[in-house]
């Protein structure tokens, strides 16, 4: 099978698929032959990505949903099952940056909202697709974490805690699902060029009294390759981990960080 057809005909669900890394992952999976279900909270953004996939000859289904809400996730998986069949591949990508403030300045709502999306949302999504994967004794899950789950980032405690939590979730879930033929892996991006990184830099600059240029330089200088990665880089890693090329890989945490994180 050619690399472009590694996922031919498989039903894949991508959360947070309307923009950024999620959008690029959806495009890549469709290009490799997957039938992709796109979900997120922005109906217009999802429709735009679905249209882009269809124009390129792929198959996409946009189903708005909210990973924070148990019923919404269950309904999403039900609609996907009815329209394209049971989910064989899951990319749990939905996430938010959370607040940029010192911990003692955070409200409980700030903390809980970040963990609700970044950690509980992954739990709900994995729980919803796992039973059918168990029944078929096959499937692959990739969770999108962050290098910040392993490297400190001042003023971003809720985000860092949520991403660190994903490491334990993925490793334990890999052990639970492994005997049933289902693989679970984590991808930890470093700084990813684009609109989201620009926003992080602006908030970090305001919180620390540095210029945006100084903050941006820290992301570049902290990497072995002296640059930031792209959403396309992350999508390529995800496609590999979902494919049979990675059949012997589970419970792993793959850094896509230009060498910013090496553990």
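The values are calculated or read from the model by the stated rules, or taken from the named source; none is laboratory data. These numbers were taken from a predicted model, which means no experiment stands behind them. Here Cβ is always computed from backbone atoms with ideal geometry, including for glycine, and neighbour counts include all displayed protein chains.
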Would you please list the contacts, defined by Cβ atoms under 7 Å and residues six or more apart or on different chains, that run from a residue in region 111-125 that is assigned by TED's automatic domain parsing to the domain that holds residue 158 and farther than 18 Å from residue 170 by Cβ to a residue that is part of a helix (DSSP H, G or I) and at pLDDT 95 or above? 111/158; 114/158; 114/159; 114/162
Taking region 66-80, which residues are within 12 Å of residue 13 (Cα to Cα) and touching a strand residue (DSSP E or B) at 6+ places or on another chain (Cβ under 7 Å)? 76, 80
Can you find a residue that is under 19 Å from residue 154 (Cα atoms) and either in the same structural domain as residue 46 (by TED's automatic domain parsing) or touching a strand residue (DSSP E or B) at 6+ places or on another chain (Cβ under 8 Å) (or both) anywhere in region 81-96? yes
Farther than 23 Å from residue 75 by Cα and touching a strand residue (DSSP E or B) at 6+ places or on another chain (Cβ under 9 Å): which single residue out of 46, 27, 13, 38 fits that description? 27
Among the numbered criteria (1) in a loop (DSSP other than H, G, I, E, B); (2) under 26 Å from residue 165 (Cβ atoms), which one does residue 57 miss? (2)
Single condition residue 234 does not satisfy, out of (1) touching a helix residue (DSSP H, G or I) at 6+ places or on another chain (Cβ under 6 Å); (2) touching a residue at least 60 places away in the same chain (Cβ under 8 Å); (3) farther than 20 Å from residue 118 by Cα: (3)
Could you check region 191-263 for helices (runs of 4 or more DSSP H) lying wholly inside it with 3 or more residues that are closer than 20 Å to residue 98 by Cβ? 195-208, 212-221
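Here is a yes/no grid of residues against (1) modelled with pLDDT of 95 or more; (2) within 20 Å of residue 244 (Cβ to Cβ):
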| site | (1), (2) |
| --- | --- |
| 5 | no, yes |
| 14 | yes, yes |
| 40 | yes, no |
| 57 | yes, no |
| 68 | yes, no |
| 78 | yes, no |
Residues in region 36-51: is at least one touching a residue at least 40 places away in the same chain (Cβ under 8 Å), part of a loop (DSSP other than H, G, I, E, B) and under 30 Å from residue 112 (Cα atoms)? yes
Could you please let me know if residue 164 is free of Cβ contacts under 8 Å to residues at least 40 places away in the same chain, within 20 Å of residue 97 (Cα to Cα), touching a helix residue (DSSP H, G or I) at 6+ places or on another chain (Cβ under 6 Å) and assigned by TED's automatic domain parsing to the domain that holds residue 150? yes
Picking from 171, 210, 203, the residue that is surrounded by fewer than 21 Cβ atoms within 10 Å (Cβ to Cβ) and modelled with pLDDT under 85 would be 203
Answer yes or no: is there a residue in region 226-247 that is surrounded by fewer than 13 Cβ atoms within 10 Å (Cβ to Cβ), farther than 25 Å from residue 19 by Cα and at pLDDT below 95. yes
Residues to consider are 90, 13, 27, 46; find the one that is under 16 Å from the mean Cα position of the chain (by Cα), surrounded by 24 or more Cβ atoms within 10 Å (Cβ to Cβ) and over 16 Å from residue 125 (Cα atoms). 46
